[in-house]
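The values are calculated or read from the model by the stated rules, or taken from the named source; none is laboratory data. The shown structure was predicted, so the numbers you read here are calculated from the model rather than taken from an experiment. Cβ: placed from backbone, ideal geometry, glycine included. Neighbour counts: every protein chain shown.
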Amino acid sequence: MGLYEQVQETVGAIRARAGGLSPKVGIILGSGLGGFADGLEDKVVLPYVDLPHFPHSSVPGHAGRLVLGRVRGEPIVAMQGRVHAYEGYTPAQVAFPARVLCALGIHTLVVTNAAGGVNLDFRPGDLMVITDHLNLSGYNPLTGPNDDRLGPRFPDMTTAYPVVLQSQLRESGRRMGVELKQGVYAILAGPAYETPAEIRMLRHLGADAVGMSTVPEVIAANHMGVRVAGVSCITNLAAGIGGKPLTHEEVAETAHRVKDLFTRLLEDFLPTVARAGASNT
Ligand code: HPA
């Protein structure tokens, strides 16, 4: 079975259980940010393990779930948890769930992640609107034969994160009293954190934040003609800046600390974007 057919099969399995919800906005919730989906109205919860072809982490309790529901009445679909290439998944598998959301009919995909702050003005707990990315992972989810039914062989990435969505994020931030930074997200393959020399290199290259996710999904969504908005939660100063070792615990703790700010932002942004529609580019 080809990728296109797999995507269609998974979409069929979701529609069969979605209770008639037909979301126009999808969101991928990154490390520590998954709690947002627990607060959705009219929730339908679909564990990844129950969805055909859907990649899921083998760690018990971290398998992930797809949550369909409403925010202020507007239907959305949220991914609680994602897989990463460093777990051993192919880049195409990592991007598969994003493709499924796109094929479900969303016009806008919101991507979120935990990231290290490379920009010296950033502090742990800052939220950053992603203006663009640097794919320094060494891989791409589109590697291999292209299926024109999914998208073009050479997709344009000039407006990978359309400015109109960046502006709407900032407006939501203003309305909700959430200060937002902005900048370029760089992906490295991981799973080791970066060295201080790598962080200096990233700063020279124009990166403001660094992480190990998101870019595969953004490429797949752009391939399929779906608009992307991105928010990074700066969970820690990148290696060598703060003078202390990096730990996953610090990342998780900071993500937990900003949970309420993050939720406030999304409760305004998601319904605004759902109502504005795809025409508003
Ligand atoms: N580097 C890479 N990935 C990350 C970091 C970091 O400092 N923080 C959270 N995810």
Please work out if residue 235 is polar (S, T, N, Q) and touching an Asp or Glu at 6+ places or on another chain (Cβ under 8 Å). yes
Can you tell me which of (1) over 18 Å from the mean Cα position of the chain (by Cα); (2) of a type in the set (S, T, N, Q); (3) in a helix (DSSP H, G or I) is the one residue 158 doesn't meet? (3)
Only one of 252, 189 is more than 9 Å from the ligand (Cβ to nearest atom) and either at pLDDT 95 or above or in a strand (DSSP E or B) (or both); which? 189
Take the conditions crowded, with 18+ Cβ neighbours inside 10 Å, free of Cβ contacts under 8 Å to residues at least 60 places away in the same chain and within 22 Å of residue 112 (Cβ to Cβ) and apply them to residue 178. Does it pass? no
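Condition check ((1) small (Gly, Ala, Ser); (2) in contact with a strand residue (DSSP E or B) (Cβ under 6 Å, 6 or more places away or on another chain); (3) more than 18 Å from residue 215 (Cβ to Cβ); (4) away from the ligand (no atom under 16 Å from the Cβ)) across all residues:
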position: 65; (1), (2), (3), (4): no, yes, yes, yes
position: 84; (1), (2), (3), (4): no, no, no, no
position: 90; (1), (2), (3), (4): no, no, no, yes
position: 117; (1), (2), (3), (4): yes, yes, no, no
position: 130; (1), (2), (3), (4): no, yes, no, no
Within the stretch 103-115, take every residue that is aliphatic (A, V, I, L, M) and buried (at least 20 other Cβ atoms within 10 Å of the Cβ) and give me the one that is farthest from the ligand (Cβ to nearest atom). 104
Yes/no for residue 88 being without any contact (Cβ under 8 Å) to a residue 12 or more places away in the chain and surrounded by fewer than 17 Cβ atoms within 10 Å (Cβ to Cβ): yes
Can we say residue 100 is within 14 Å of the ligand (Cβ to nearest atom) and crowded, with 24+ Cβ neighbours inside 10 Å? no
Can you name the number of the only condition in (1) part of a loop (DSSP other than H, G, I, E, B); (2) among the hydrophobic types (A, V, I, L, M, F, W, C); (3) in contact with a His (Cβ under 9 Å, 6 or more places away or on another chain) that residue 184 fails? (1)
Pick from the stretch 193-218, criterion under 11 Å from the mean Cα position of the chain (by Cα) and either without any contact (Cβ under 8 Å) to a residue 24 or more places away in the chain or not in a loop (DSSP other than H, G, I, E, B) (or both), ranking: nearest to the ligand (Cβ to nearest atom): 215
